[in-house]
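Enquirer: Supplied in structure tokens, the structure appears directly below.
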Amino acid sequence: MAKTVKTEAEIFKEEFKKKVRDEAKMLYRKTLEEVSDRHKFVAVAYAVKDIVIDQWIATQKAYEKTDAKTVYYLSMEFLMGRALGNMIINLSSRNEIKEAIEELGLDLNVIEDQEPDAALGNGGLGRLAACFLDSLSTLGYPAYGCGIRYKYGMFQQKIEDGYQKEIPEDWLRHVNPLEIKREEYACEVKFGGFVRVEHRDGRNYFIQDGYQAVRAIPYDMPIVGYGNNVVNTLRIWDAEPIVHFNLDEFDKGAYMAAVEQENLAKTITEVLYPNDNHYAGKELRLKQQYFFISASLQIAIKKYLTKHDDLSKLPEKVVFQMNDTHPTLTVAELMRLLMDEYLLEWDEAWAITSKCCAYTNHTIMSEALEKWPIELFSRLLPRCYQIIEEINRRFIIDIENKYPGDHRKIEKMAIIYDGQVKMANLAICAGFSVNGVAKLHTEILEKQELRDFYEMFPEKFNNKTNGITQRRFLLHGNPLLAEWVTGKVGDDWITDLPKIQGIEVYADDKKAQAEFANIKYQNKVRLAKYIKEHNGIDVDPRSIFDVQVKRLHEYKRQLLNILHVMYLYNQIKEHPDMDFYPRTFIFGAKAAAGYKIAKLTIKLINSVADVINNDASINGKIKVVFIENYRVSNAEIIFAAADVSEQISTASKEASGTGNMKFMLNGALTLGTMDGANVEIVEEVGIDNAFIFGLSSDEVINYENNGGYDPMQIFNEDMDIRKVLMQLINGFYSPDDPERFRDIYNSLLNTQSTDKADRYFILKDFRSYAEAQKRVEEAYKDQEGWVKKAMLNVAHVGKFTSDRTIQEYVDDIWHLEKVKVDM
Ligand code: 26Q
């Protein structure tokens with residue numbers, strides 16, 4: 001018999017299959033065939049981790065050897081979603097792994113579906129952090145993501161009787177095979193107590209006494225770069241009690257103190273605050289912030305000191321990027337560590353701190369600005385508070401020197417003012433870089449919200465337009481389109497998205513159009529199936545899939561969308577023979593648990609869905625679907641299937657948006673306002689390939705500053721709008737309780753409350769929106785024209801890769817060097 005020589009790939013596959021089998025055996029005392037799907041997932045995950053581990057070690061060795069500068073991306077949120085599928089596509093051995101899994105008789109989709117989403121974030125800001133980590137590894141830059149290992153991440157949303165119910169998401173109830181506990185890096189974080197000053201050897205020592213302490217324990221998760229052997233680390237911290245309290249303790253005081261410490265450790269990392277773009281001044285939230293910042297900085301400095309002894313050169317090796325103001329305690333804690341633990345003088349410590357810290361602003365919504373009451377702040381973090389007082393004292397002197405006698409400047413810029421500690425002001429004063437997340441957003445910061453700071457420190461301000469990773473949101477989420485693109489232009493787009501522009505030459509090619517249209521259709525069938533399974537609703541994949549998925553917030557104006565659906569329904573009922581292209585309106589959104597009007601909007605959407613979906617007389621022309629528990633894993637399916645991307649925030653309110661980019665990448669056309677990154681999307685794709693409507697940001701800001709908008713006038717003059725609004729309070733969608741939607745009605749017309757009526761200009765923009773929707777319909781009827789526009793959207797998405805964003809951060813802010821990892 002002729003001996004066949006095994007190829008390397010075959011050997012690899014055999015080894016991988018053996019590993020999976022062995023894991024099943026070792027973990028569950030069963031054969032792979034006998035274990036449950038979830039256990040199959042665990043076995044496969046361990047086998048993949050085994051491959052990743054070697055690259056992880058090699059990467060960290062390479063970093064050590066080159067002594068490379070490292071960015072610490074400090075964030076309260078990392079919305080990672082599932083890791084396994086993403087890890088596999090990023091590994092160079094992806095094809096062998098996929099084949100081996102198949103040869104084992106396993107279905108990779110089923111395996112992937114077993115993994116719970118790591119939902120350690122709310123929305124845009126948290127998902128951006130996850131995309132950034134993917135890009136940092138793929139570009140080969142040394143990086144740590146630092147955050148919190150919440151026991152309960154973003155809540156799981158159930159819809160019951162049309163209302164949102166929040167269910168705790170216990171994502172860690174089973175083992176998490178893709179993390180490693182690193183006890184050797186545990187450290188202590190202290191809260192409360194008081195600061196005592198000791199004068200010894202000619203200097204003051206600041207000593208915190210009477211505090212409560214917890215042990216911070218890091219868990220590391222690997223972040224695999226695409227095909228380059230680079231593996232960075234997401235380090236998330238858990239809290240444990242320092243000592244377990246002693247039941248024999250006879251001293252009651254000591255006993256109680258021990259119990260309290262234990263409780264503190266239990267509560268700190270218990271749960272993610274589910275507020276998106278809304279500040280809640282909760283003590284526990286401040287504890288969470290200090291907890292992960294103190295631990296992350298302690299470790300970063302210790303790591304630096306293993307190779308260096310001169311802390312004044314820390315900025316050459318370390319940069320801390322603060323993801324919004326949530327990690328701004330970095331400034332105070334770094335000062336504290338440098339002075340109190342490493343005995344530097346104020347000026348030395350300040351020189352280092354102000355060269356290490358950079359701040360990203362993600363919102364101009366005033367209700368999202370973090371301001372902590374002095375009382376709370378100084379009680380919880382007495383030493384940090386002292387330090388901030390001193391930073392503030394010196395800063396006010398600077399302001400006074402620059403603007404003598406101008407008290408208004410101090411009022412606006414002081415860090416401590418009106419009994420509050422203002423975190424944004426601290427971040428801007430101490431940081432060397434302040435960036436917005438889209439061109440328009442940065443302009444508004446400079447001209448409006450942060451004008452005084454911009455005037456004082458113009459050199460700190462810069463823009464970094466957000467991006468998304470095409471590896472998760474096209475390669476993984478939309479394999480059909482990914483393969484089609486690769487077939488047309490090769491696979492360079494995977495790490496060089498602008499290359500995708502190569503498909504532009506096919507925009508007029510009939511055959512390519514048909515292929516492209518068919519892929520969209522297949523993806524719509526996939527989503528229709530998901531909807532049938534989860535909602536029990538039949539939707540027609542030939543209808544227009546019109547999608548708005550994002551957090552529920554008044555400024556994002558899901559209400560405008562659903563009011564327009566109500567209006568269309570009225571039109572069809574009034575004119576049953578009118579021309580109307582069938583449309584499926586798809587919503588997905590979580591509302592913060594305490595955000596009443598947002599939760600009521602969910603109920604409204606579901607009530608409208610109930611009426612319309614069950615009205616046989618309209619022949620299924622409109623369907624309304626609310627997708628329960630919108631999250632990263634089902635987002636991938638939704639983006640792939642969308643025709644229309646609803647990006648309809650009140651102009652000036654959405655800092656950037658990133659869902660808009662994910663839709664574009666998947667060939668959906670933007671229906672939106674000139675807000676956030678929509679402006680740049682239109683710039684790239686051309687105004688003819690998007691549907692733009694509504695007030696400009698200047699017009700909105702002008703109304704806000706000078707008044708002159710009266711929604712009641714529109715109500716009085718426009719009978720279609722009036723009819724829709726009356727349906728909110730006449731029981732049309734709530735026969736059992738006609739008053740149910742009264743608060744929504746009031747928010748638009750202010751007949752009751754003291755709030756401003758229609759703060760988000762919904763009625764003002766309504767006609768313009770309806771007219772843009774009409775243009776969408778007309779454009780869709782021209783199938784070839786539509787497919788061409790969709791292809792042009794994909795072709796011009798290049799700018800919106802997070803690889804580009806990260807490269808800009810590196811060039812302008814972080815100044816890192818790429819590291820090569822050879823295996
Ligand atoms: C603050 C204090 C207490 C509790 C919670 C919060 C909190 C939590 C999350 C405040 C804000 C957030 C999240 C903000 C956010 O996601 N902003 C979005 O960031 C995206 C990435 O830059 C942008 O694309 C979006 O426009 C912006 O809304």
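The values are calculated or read from the model by the stated rules, or taken from the named source; none is laboratory data. Keep in mind that this is a model prediction, so the values were computed, not measured. In this analysis, Cβ positions are derived from the backbone assuming ideal geometry, glycine residues included, and neighbour counts consider all displayed protein chains. Quick note on the areas: whole protein, heavy atoms, side chains included, nothing else; ligands and nucleic acids left out. Shrake-Rupley method; radii C 1.70, N 1.55, O 1.52, S 1.80 Å.
Enquirer: Classify the range 523-794 as rounded, prolate or oblate, taking a ≥ b ≥ c as the square roots of the eigenvalues of its Cα gyration tensor: rounded when a/c is under 1.5, otherwise prolate if a/b is larger than b/c and oblate if not.
Expert: Judged from the Cα gyration tensor, the range 523-794 comes out rounded (a/c under 1.5).
Enquirer: Sticking with this one: Just going by the charge dipole of the chain, with Lys and Arg at +1 and Asp and Glu at -1 on Cβ, which of Cys356, Val44, Ile148 is farthest out on the positive end?
Expert: Result: Val44.
Enquirer: So, one more: Tell me whether the chain comes out rounded, prolate or oblate; compute the Cα gyration tensor, take square roots of the eigenvalues as a ≥ b ≥ c, and use a/c under 1.5 as the rounded threshold.
Expert: oblate
Enquirer: Something else about it: Identify, among Met823, Ile167, Ala424, the residue whose Cα sits farthest towards the positive end of the charge dipole of the chain, taking +1 on the Cβ of Lys and Arg and -1 on the Cβ of Asp and Glu, with the dipole about the Cα centre.
Expert: Met823
Enquirer: What's the carbon and sulfur percent of the chain's accessible surface, probe 1.4 angstrom, rounded to a whole number?
Expert: Values: 16230 of 32720 Å².
For the chain, the apolar C and S fraction of the accessible surface comes to 50 percent.
Enquirer: Could you pull out every one of the lysines with an alpha carbon less than 23 Å from that of Lys789, ignoring same-chain neighbours closer than 8 positions?
Expert: Lys488, Lys499, Lys510, Lys511, Lys520, Lys524, Lys662, Lys774, Lys781, Lys799
Enquirer: Within the chain, what percent of beta bridges assigned by DSSP are antiparallel, to the nearest 5?
Expert: Numbers: 38 of 83 bridges.
Counting DSSP beta bridges with both partners in the chain, the antiparallel share is about 45 percent.
Enquirer: If R0 is 60 Å, what FRET efficiency do you get for Leu27 and Ala351 from their C-beta distance, rounded to 0.05?
Expert: Efficiency, from the Cβ-Cβ distance: 0.70.
Enquirer: Note down the relative contact order for the chain as a percent, whole number, built from C-alpha pairs under 8 angstrom at least six residues apart. Please report the intermediate quantities before stating the final value.
Expert: On the way: 1477 pairs, mean separation 113.5, N = 823.
That works out to 14 percent.
Enquirer: Here is a follow-up. Scan around Asn229 for amide H atoms under 5 Å from its own, H built in the peptide plane at 1.01 Å from N, and keep only partners 5 or more places away or cross-chain.
Expert: Ser92
Enquirer: Per residue, how much accessible area does the range 523-794 show when a 1.4 Å probe rolls over the protein heavy atoms, in square angstrom?
Expert: Here the residues of the range 523-794 average 35 Å² of exposed surface.
Enquirer: Gain in length, Asp610 to Glu683, computed as 0.36 nm per residue apart minus the alpha-carbon separation, to one decimal in nm?
Expert: Between Asp610 and Glu683, full extension yields an extra 22.4 nm.
Enquirer: Taking R0 as 35 Å, what's the FRET efficiency between Tyr255 and Asp113 from their Cβ-Cβ distance, rounded to 0.05? Please list the in-between numbers first.
Expert: Values: r = 48 Å, r/R0 = 1.37.
E(calc), rounded to 0.05, equals 0.15.
Enquirer: Over what distance in Å are the Cα centres of the range 152-226 and the range 753-812 separated?
Expert: Comparing the Cα centres of the range 152-226 and the range 753-812, I get a distance of 38 Å.
Enquirer: Something else: What pairs from Lys69/Lys402; Lys460/Lys764; Lys25/Lys98 go past 25 Å between their alpha carbons?
Expert: Distance filter (> 25 Å) returns Lys69/Lys402; Lys460/Lys764.
Enquirer: For the chain, what is the calculated [θ] at 222 nm in deg cm²/dmol (nearest 500), taking -39500 (n - 2.57) for each run of four or more DSSP H residues and dividing by its residue count?
Expert: About -14500 deg cm²/dmol.
Enquirer: Residue-wise, which Karplus ³J(HN,Hα) couplings in Hz belong to the range 217-223, taking 6.51 cos²θ - 1.76 cosθ + 1.60, θ = phi - 60°, and x for glycine or proline?
Expert: Here the 3J(HN,Hα) series is 10, x, 10, 9, 10, x, 10 Hz.
Enquirer: Only Cα pairs under 8 Å and at least 6 apart count here; give the relative contact order of the range 523-794 as a rounded whole percent.
Expert: 19 percent
Enquirer: Further, regarding this structure: List every DSSP H helix in the chain whose Cα atoms extend 27 Å or more along the helix's own long axis and whose mean Kyte-Doolittle hydropathy is at least -1.0.
Expert: Working: long enough: 8-28 (30 Å, -1.08); 37-66 (43 Å, -0.24); 283-307 (37 Å, -0.04); 382-402 (30 Å, -0.60); 510-535 (36 Å, -1.20); 762-781 (28 Å, -1.04).
Flagged H segments are 37-66, 283-307, 382-402.
Enquirer: Do any of Lys190/Lys303; Lys49/Lys287; Lys464/Lys550 go past 24 Å between their Cα atoms, and which?
Expert: Checking Cα-Cα distances, Lys49/Lys287 exceed 24 Å.
Enquirer: So, R0 is 51 Å and r is the distance between the beta-carbons of Lys756 and Asn401; what FRET efficiency does that work out to, to 0.05?
Expert: Working from the Cβ atoms, E equals 0.85.
Enquirer: Going Cα to Cα from Lys573, which aspartates and glutamates come in below 17 Å? Please leave out same-chain ones fewer than 8 positions away.
Expert: Reachable aspartates and glutamates: Asp610, Asp615, Asp720.
Enquirer: Looking only at the range 582-600, which residues have a backbone nitrogen under 17 Å from a spot 7 Å from the Cα of Ala280 in the C-beta direction?
Expert: Taking a point 7 Å out along Cα→Cβ of Ala280, the residues of the range 582-600 whose backbone N falls under 17 Å are 590-600.
Enquirer: List, in order, the whole-Hz ³J(HN,Hα) value for each residue of the range 164-169 obtained from phi through the Karplus relation with A = 6.51, B = -1.76, C = 1.60 and θ = phi - 60°; use x for Gly and Pro.
Expert: 6, 10, 9, 10, x, 9
Enquirer: Kindly report the accessible area of the range 117-242 per residue (heavy atoms of protein chains, probe 1.4 Å, no ligands, DNA or RNA), in Å².
Expert: 35 Å²
Enquirer: If exposed trypsin sites (Lys or Arg not before Pro) are those in a DSSP loop with at most 13 other Cβ within 10 Å, what is the longest stretch of the chain that has none?
Expert: Within the chain, the longest run free of exposed trypsin sites (Lys or Arg not before Pro) spans 283-541.
Enquirer: Tell me the label-point distance for the pair Glu34, Glu270, using the 7 Å Cα-to-Cβ offset, in nm and rounded to one decimal.
Expert: Rounded to a tenth, the inter-label distance reads 4.1 nm.
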